[in-house]
Amino acid sequence: MRILVVAAYISDENVKEFCNPLTGYGYIIRDIANHLGETHDVYLLTRQLIHERQLDNIHLVRHQLSDTIKNLRLRYVKPAIKSFFRCGGNLYNRFKNAYFFLNGSYLETVIQEIKPDIVHIHGAAYVELPCMLACTRLKVPYVITLHGLVGLNQHVPIDKYGRILEGKLFRFFDRFQQTVSIVSTGAKEDAVQAYNLDMDTNICVVCNPVKRMLQGNSTFNLRSQYHIPSESQIMICIGNICARKNQVQLVRAYARLGADYARKLHVFFMGEDRMNGELQICITKLGLEQQVHYLGYVPHADISSIYQQAQYNALISIDEGFGLSVIEGYSYGIPSIVFDDMQAVKDIYSPVSLVSVKERSDEALSAGIQTLMDRNWDADSIISVSQQFSFDKICDEYTDLFKNTQITKARWSDIEQLI
């Protein structure tokens, strides 16, 4: 099968053009495309500017500003102008969105040259609408994958039209029985309830996959660098520091631990700081500098080493479409603690691998951490849970989804009405 993957961006710290941004979302799209490329002919087009080249099993499609100009088709001018006035934000954002609509012209050229059997679109925002227009006009089937629900999440920085668009898109998918996948059962249930949908047939849950990485040449040793005694345990919290990820609450919960628990536990946060030092200020204010540590951005190559040194993982986001770090931890035999209302709990929960906290209070979270530390965990049992999310299994699910996807019944004008 020939697959054209279209995404806003991917992350790969070994490729200069893919180093900004470096996020879990960007890494997982790259990894899924690469694994699909082991058995299929996979092409990838992103909004990042890059020349044509091969990246492992992925054929990277050239994308330069000149490609949009040379391939400009007048039919994309009207939706581009409409998006300029419809989308919120400053002039830069308006021009950027308009450009992405004009870039639908180039996507048509790419589709005509590659002749894919399916187009796999990651995301559902204004910038994905030109992809839908191009596929509709050329009568090529497409699948949209959602990695979370931005319209229901006030912590995602998008304008009000972007939030409104999500509901309009779900109702569009419902009306035309357009195939869409989403990464967790909870996210699907939230969308169906919030947008009053009847989508049991065309919305499919395909979870994110995980692959245990080898340590490689990493020399990142937390115990030696931070003088952690052998009897103490390590909890890690991986993800960019932001309000949505809710790391500050974990610091407050740690401060409520009983003395015996606190003495035996070191917590490490890692990720790019997007809160202007609020996490570090909280750590200092509570006098926890000796036990709670912020590592900053950690290279992807060192993450495997950190998992192998940790005893526990925490993911307590206010909103989380899936929660990849949880199953990454599983693959190393590490149990996790999450809140019970995380959208992926139904998909990732097992009593042998997870503590799920029902109440979103500092006291309840602190008690949950103590439960996590009191329990005797079996690493092999935890690793077996992670095997439900193997790349082979998840990519087989995507392949089946692609094979059963039909050309959309919608017309160009139906999609244009979404703008």
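Looking at the range 90-161, what helices (runs of 4 or more DSSP H) fall wholly within it and have at least 2 residues that are of a type in the set (S, T, N, Q), under 30 Å from Glu320 (Cα atoms) and at pLDDT below 95? Spell out the reasoning first.
Working: elements: 91-102, 104-114, 129-138.
By residue number, 91-102.
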Given (1) over 30 Å from Ser331 (Cβ atoms); (2) assigned to a loop (DSSP other than H, G, I, E, B), identify the lone condition not met by Gly296.
(1)
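Go through the residues of the range 51-66 one by one and say whether even a single one is in contact (Cβ under 8 Å) with a residue 12 or more places away in the chain and of a type in the set (Gly, Ala, Ser).
no
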In the range 280-293, the residues that are farther than 21 Å from Gln225 by Cα and part of a helix (DSSP H, G or I)
Ile281, Cys282, Lys285
Out of the residues in the range 38-56 meeting the condition of being in contact with a Leu (Cβ under 9 Å, 6 or more places away or on another chain) and under 21 Å from Tyr142 (Cβ atoms), tell me which one is surrounded by the fewest Cβ atoms within 10 Å (Cβ to Cβ).
Thr46
Residue count, the range 76-100, condition in contact with a Ser or Thr (Cβ under 9 Å, 6 or more places away or on another chain) and touching a residue at least 40 places away in the same chain (Cβ under 8 Å), comes to 2
Among the residues of the range 250-277, the number that are surrounded by fewer than 16 Cβ atoms within 10 Å (Cβ to Cβ) and more than 22 Å from Ser232 (Cα to Cα) is 4
Exclusive hit being among the basic types (Lys, Arg), over 30 Å from Ile203 (Cα atoms) and surrounded by fewer than 14 Cβ atoms within 10 Å (Cβ to Cβ), set Lys70, Lys139:
Lys70
Got at least one residue in the range 375-384 being in contact with a Phe, Trp or Tyr (Cβ under 7 Å, 6 or more places away or on another chain), among the aliphatic types (A, V, I, L, M) and more than 27 Å from Arg263 (Cα to Cα)?
yes
Select from the range 1-52 the residues that are among the small types (Gly, Ala, Ser), outside any loop (DSSP other than H, G, I, E, B) and touching a Ser or Thr at 6+ places or on another chain (Cβ under 8 Å) and list them in ascending order.
Ala7, Gly24, Gly26
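Every residue in the range 246-278 that is farther than 17 Å from Pro21 by Cα, under 22 Å from the mean Cα position of the chain (by Cα) and not β-branched (Val, Ile, Thr), please.
Passing the criteria: Asn246, Gln247, Gln249, Leu250, Phe268, Phe269.
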Restrict the check to the range 361-374 and report whether at least one residue is touching a residue at least 60 places away in the same chain (Cβ under 8 Å), surrounded by 18 or more Cβ atoms within 10 Å (Cβ to Cβ) and touching a Pro at 6+ places or on another chain (Cβ under 8 Å).
yes
Which of the residues belonging to the range 328-372 are of a type in the set (S, T, N, Q) and either closer than 27 Å to His300 by Cβ or part of a strand (DSSP E or B) (or both)?
Ser331, Ser336, Gln343, Ser350, Ser353, Ser356
Enumeration of residues in the range 216-274 that are of a type in the set (S, T, N, Q) and farther than 19 Å from Ala364 by Cα
Asn217, Ser218, Thr219, Asn221, Ser224, Gln225, Ser230, Ser232, Gln233, Asn240
All-but-one check, Asn196 against (1) assigned to a loop (DSSP other than H, G, I, E, B); (2) at pLDDT below 80; (3) farther than 30 Å from His266 by Cβ, failing number (2)
Residue check, Ser184 surrounded by 18 or more Cβ atoms within 10 Å (Cβ to Cβ), over 29 Å from Val110 (Cβ atoms), modelled with pLDDT of 85 or more and not hydrophobic (A, V, I, L, M, F, W, C):
yes
Whether any residue in the range 387-408 is of a type in the set (Gly, Ala, Ser) and in a helix (DSSP H, G or I) is what I want to check.
no
Just wondering, is there one or more residues in the range 267-278 that are in contact (Cβ under 8 Å) with a residue 24 or more places away in the chain, part of a loop (DSSP other than H, G, I, E, B), closer than 17 Å to Asp302 by Cβ and of a type in the set (A, V, I, L, M, F, W, C)?
no
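Yes or no, residue by residue, for (1) modelled with pLDDT of 95 or more; (2) among the aromatic types (Phe, Trp, Tyr); (3) in contact with a strand residue (DSSP E or B) (Cβ under 9 Å, 6 or more places away or on another chain); (4) closer than 25 Å to Ser304 by Cα:
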position	(1), (2), (3), (4)
Ser331	yes, no, no, yes
Ser336	yes, no, yes, yes
Asp340	yes, no, yes, no
Asp347	yes, no, yes, yes
Val355	yes, no, yes, yes
Arg360	yes, no, yes, no
Ala379	yes, no, no, yes
Lys409	no, no, no, no
Glu416	no, no, no, no
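The values are calculated or read from the model by the stated rules, or taken from the named source; none is laboratory data. Computed from a predicted structure; not experimentally measured. Positions of Cβ are generated from backbone atoms using ideal geometry, with glycine treated the same way; all protein chains shown enter the neighbour counts.
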